[in-house]
Amino acid sequence: MSKIGKINIVIPEKVKVVLAGNNLNIEGPLGKKSLNIDLDVFNLNITEGKEISIQPKKNDQDTKRLWGMNRSLINNAVIGSSKGYEKVLELVGVGYRAALKGNQLNLQLGYSHDINFDIPDGIKIVVEKQTTLKITGSDKQQVGAVASKLTTFRKIEPYKGKGVREKGQHILKKEGKKK
């Protein structure tokens, strides 16, 4: 048995879940998500709009792996459409700052030029301070991908810890030269 797969998913009151063919449509106050589930491999039960359970039709190694993954994807979609996901990024360094210009995020990260990042649909970025960004959205994968893309613009430097990082991320600092 899959440890993750056998746990039932509780559906909040605001979220509607409908199975249409192989597509599971999840609709909530923060957005819609459609997942494709292979019903030849899995049984999907929605009990009175309150719980979702997923069970494999046969029990072997491949279906066990897919069982936990599909359960996690459904759970992430349900949470995303009801509460949403957020990541907080910090810009650490002298002169590092961020500003919103319409649908673009303008970053000054110590280069000779500014970096303009186009914000994708379904993602909302709020600049709380000039050095703190809050990324929110209903799709966990998309929020993580945008946060990862922004951290690649200025990787964390190992001696002083300057760069773009997630809030609370631990940095291993190297020791500098000794005389």
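The values are calculated or read from the model by the stated rules, or taken from the named source; none is laboratory data. None of the values given here were measured: they were computed from a predicted structure. All Cβ positions, glycine included, derive from the backbone under ideal geometry; neighbour counts span all protein chains shown. To get the accessible areas, we keep the full protein, side chains included, count just its heavy atoms, and leave off ligands, DNA and RNA. Shrake-Rupley method; radii C 1.70, N 1.55, O 1.52, S 1.80 Å.
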Crossing angle, helix 61-82 versus the chain [Cα axis fit, 0-90 degrees, rounded to tens]: 70
Accessible surface, per residue, of segment 1-154 when the full set of protein chains is kept, probe 1.4 Å, Å²: 58
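Could you tell me which GluC sites (Glu not before Pro) in segment 30-130 are loop residues by DSSP with no more than 11 other beta carbons within 10 angstrom of their beta carbon?
Details: sites: GLU48, GLU51, GLU86, GLU90, GLU128; in loops: GLU48.
Sparse-neighbourhood loop GluC sites (Glu not before Pro): GLU48.
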Degrees separating the helix 140-152 axis from the principal Cα axis of the chain, which is the longest one: 20
Per DSSP, loop chymotrypsin sites (Phe, Trp or Tyr not before Pro) in segment 66-97 with at most 13 further Cβ within 10 Å: none
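Summarise the accessible area of the chain (1.4 Å probe, protein heavy atoms) by the percent that is carbon and sulfur. Could you put the intermediate results ahead of the total?
Numbers: 5530 of 11370 Å².
Carbon with sulfur: 49 percent of the solvent-accessible area.
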Sites matching trypsin sites (Lys or Arg not before Pro) across segment 30-74 that sit in DSSP coil, with at most 16 neighbouring C-beta atoms within 10 Å: LYS50, LYS57, LYS58
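Could you tell me which of the pairs LYS101/LYS129; LYS50/LYS167; LYS140/LYS173 are separated by over 23 angstrom between their Cα atoms in the structure shown?
Details: LYS101/LYS129 15 Å; LYS50/LYS167 34 Å; LYS140/LYS173 30 Å.
Table pairs above 23 Å Cα-Cα are LYS50/LYS167; LYS140/LYS173.
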Nearest-0.05 FRET efficiency for LYS50 and LYS167, computed from C-beta distance (R0 35 Å): 0.50
